[in-house]
Amino acid sequence: MEFNPRIVAFLCNWCSYTGADLAGTSRMEYKSNVRVVRIMCSGRIEPTFVLRAFTKGADGVLICGCHPGDCHYQEGNYRCLRRFLLLQKYILQMGIETERLKLEWISASEGKQFAELVNSFTETITELGPCKIKDTMKVLT
Amino acid sequence: MEGSKPKLKLAVYWAAACGGCCVSVLDVHEKLFDVVAAADLVFWPIAFDIKYRDVEEMPDQNIDVTLFNGAVRNSENEHMAKLLRKKSKILVAYGSCSHLGGIPGLANFSTKEELFRRVYSESESTVNPDNVNPLPEFEVKEGVLSLPDFYNDVRSLTQVVEVDYFIPGCPPQTERLLEVFTAIVSGAELPPKGSVIGAGTKTQCDDCIRKKTENKRIKKFYRPWEIQDDGVSCFMEQGVICMGPATREGCGYRCIKGNAPCRGCYGPPTGVIDPGAKMMSSIASIIDEKEPEEISRVLEDVVDPAGLFYRFSLPVSLIRRKLI
Ligand code: SF4
Ligand code: SF4
Ligand code: FES
């Protein structure tokens, strides 16, 4: 069976979600593998959200926020960036490929960039194959 | 204790543990006399010779309270967890290993094969030219000798059987145990099943004895031995990683009073699912850098985030073992 990755995308309300919306209203086509979770700010994304997405079966997690300097809450995206870099270090230790977790800045006008990002990320994850996490969590004795 | 009341039946058992939890029970010192005045110790392998068979022969629910310490890492641990569950009215996960997987739980960073290879062939002190490895069963002329089956995964007690209460700590603070014991003996109403007892609900930081300011701006993290601790300010504000923000209060600030940062043995506070995730948040908020390269440079000092943040809790955390 062809592998159809499951991707969870956390999009900040003010820029990235609007950007994704623009991609939609402009009828741009992009891969349908992404499940979008809208949050107010990328700084709201707690590491728990990301880890939970993986343990619940996401093959990739995409985080999008406003460009540096543009966060509606001033510093949220910097906080997000620092969490992201630490998370990458951690998931690598746990045996999850760092490519499975991606952070990109998408502004409200970047519908096209969003569509391209989703396509290229889906491609990366398709090449990596399914994340082993679900099987591993089952192993007990 | 009224003379008419029957004595409580108490058991203490160790599974995959270091023995420290049993010692913490012994640390009641002369209060042990109060304990034995109110309770009969019916099973306690570190202290006296009662066989598993004797426990197997007890009627179900015969023991009032069992303090089960240690994680479940092999078939013997699992057998005893199930047996003691059946024989006890109240089963308490006592100490970090039983509560969270604890230090033995760090084995979930490896597989059984990796552990065996390291221990039976690669370690510097191993001399094993014939490559002898332990087998669960071995035939000799007298019959078959057997060893417990060593599992791939270390589990906490609640991942194996239903647990009534959790007393955290590596080891739990003896004073807390006495409080719990006194409450049980006095017949006081017990907290709801599944509660963490003998500890608080908030984080260590909430009432920490060290001074905190609002100004948390870190450009470099240090190992405790790399800086001169001022003995007064919050460790984190000095750039020393302290697990306080992700750890339940209740130990009496044992390590912090000894001028060492908290390592997280009491586990996450109420409402926190994953201590490491909480730590990642805390650390990310105090780093005073905005450029990816600069942030990464600061994070180089966090050498082993997984081992540091999940030192006591790997088996119960969201990603409970290294992927295989
Ligand atoms: S981080 Fe550690 S030293 Fe600082 S307040 Fe919290 S428990 Fe205390
Ligand atoms: S300070 Fe932290 S590591 Fe030390 S005993 Fe208390 S909870 Fe455990
Ligand atoms: S509002 Fe978009 S990242 Fe903060």
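Just one of (1) touching an Asp or Glu at 6+ places or on another chain (Cβ under 8 Å); (2) buried (at least 16 other Cβ atoms within 10 Å of the Cβ) trips up residue B:89, so point out which.
For residue B:89, the failing item is (2).
If we keep just the residues of region A:65-94 that are of a type in the set (S, T, N, Q) and farther than 16 Å from residue A:46 by Cα, which is surrounded by the most Cβ atoms within 10 Å (Cβ to Cβ)? Can you show your working first?
Of all residues in region A:65-94, those of a type in the set (S, T, N, Q) come to A:74, A:77, A:88, A:93.
Imposing the further condition that a residue be farther than 16 Å from residue A:46 by Cα reduces the set to A:74, A:93.
On the way: A:74: 12, A:93: 16.
The qualifying residue surrounded by the most Cβ atoms within 10 Å (Cβ to Cβ) is A:93.
Which one of the conditions (1) more than 16 Å from the chain's Cα centre (by Cα); (2) in a helix (DSSP H, G or I); (3) farther than 30 Å from residue A:68 by Cα does residue B:307 fail to meet, given that it meets all the rest?
Tallying (1) more than 16 Å from the chain's Cα centre (by Cα); (2) in a helix (DSSP H, G or I); (3) farther than 30 Å from residue A:68 by Cα, residue B:307 fails exactly one: (1).
Given the options B:255, B:251, B:242, name the one that is more than 14 Å from chain A (Cβ to nearest Cβ) and in a helix (DSSP H, G or I). Break it down stepwise before answering.
Working: B:251 fails: in a helix (DSSP H, G or I); B:242 fails: in a helix (DSSP H, G or I).
Sole residue among the options that is more than 14 Å from chain A (Cβ to nearest Cβ) and in a helix (DSSP H, G or I): B:255.
Do we have residue B:311 as out of contact with any Ser or Thr (no Cβ under 7 Å at 6 or more places or on another chain), free of Cβ contacts under 8 Å to residues at least 40 places away in the same chain and basic (Lys, Arg) here?
Values: out of contact with any Ser or Thr (no Cβ under 7 Å at 6 or more places or on another chain): yes; free of Cβ contacts under 8 Å to residues at least 40 places away in the same chain: no; basic (Lys, Arg): yes.
The answer is no for residue B:311.
Limited to region B:287-324, what total is found for residues that are among the hydrophobic types (A, V, I, L, M, F, W, C) and more than 9 Å from every other protein chain (Cβ to nearest Cβ)?
Let us first name the residues in region B:287-324 that are among the hydrophobic types (A, V, I, L, M, F, W, C), namely B:287, B:295, B:298-299, B:302-303, B:306, B:308-309, B:312, B:314, B:316, B:318-319, B:323-324.
Remaining after also requiring more than 9 Å from every other protein chain (Cβ to nearest Cβ): B:303, B:308, B:312, B:314, B:316.
Here the count works out to 5.
Answer yes if at least one residue in region A:102-112 is away from chain B (no Cβ under 14 Å), away from ligand 2 (no atom under 16 Å from the Cβ) and touching a strand residue (DSSP E or B) at 6+ places or on another chain (Cβ under 9 Å), and no otherwise.
Step one: filter region A:102-112 for residues away from chain B (no Cβ under 14 Å), giving A:106-112.
Now drop any that are not away from ligand 2 (no atom under 16 Å from the Cβ), which leaves A:106-112.
Adding the requirement that they be touching a strand residue (DSSP E or B) at 6+ places or on another chain (Cβ under 9 Å) leaves A:106.
Yes; the residues of region A:102-112 include at least one that is away from chain B (no Cβ under 14 Å), away from ligand 2 (no atom under 16 Å from the Cβ) and touching a strand residue (DSSP E or B) at 6+ places or on another chain (Cβ under 9 Å).
Do you know which residues across region B:161-187 are of a type in the set (Phe, Trp, Tyr) and modelled with pLDDT under 90?
Applying the first criterion (of a type in the set (Phe, Trp, Tyr)) to region B:161-187 yields B:165-166, B:181.
Result: B:181, single match.
For region A:53-68, name all the residues that are part of a strand (DSSP E or B) and in contact with a Ser or Thr (Cβ under 9 Å, 6 or more places away or on another chain).
Taking region A:53-68 and keeping what is part of a strand (DSSP E or B), we get A:60-65.
Within region A:53-68, A:60, A:63, A:64, A:65 qualify.
If residue B:135 satisfies all but one of (1) among the hydrophobic types (A, V, I, L, M, F, W, C); (2) within 30 Å of residue B:57 (Cβ to Cβ); (3) assigned to a helix (DSSP H, G or I), what's the number of the condition it fails?
Result: residue B:135 fails condition (3) only.
Name the residue, out of B:273, B:283, B:218, that is out of contact with any strand residue (DSSP E or B) (no Cβ under 7 Å at 6 or more places or on another chain), crowded, with 16+ Cβ neighbours inside 10 Å and not aromatic (Phe, Trp, Tyr).
Working: B:273 fails: crowded, with 16+ Cβ neighbours inside 10 Å; B:218 fails: out of contact with any strand residue (DSSP E or B) (no Cβ under 7 Å at 6 or more places or on another chain).
Going through B:273, B:283, B:218 in turn, just one is out of contact with any strand residue (DSSP E or B) (no Cβ under 7 Å at 6 or more places or on another chain), crowded, with 16+ Cβ neighbours inside 10 Å and not aromatic (Phe, Trp, Tyr): B:283.
The values are calculated or read from the model by the stated rules, or taken from the named source; none is laboratory data. Fair warning: this is a prediction, and the values are worked out from it, not measured in the lab. Every residue, glycine as well, gets a Cβ built from its backbone with ideal geometry; the counts of neighbours run over all protein chains shown.
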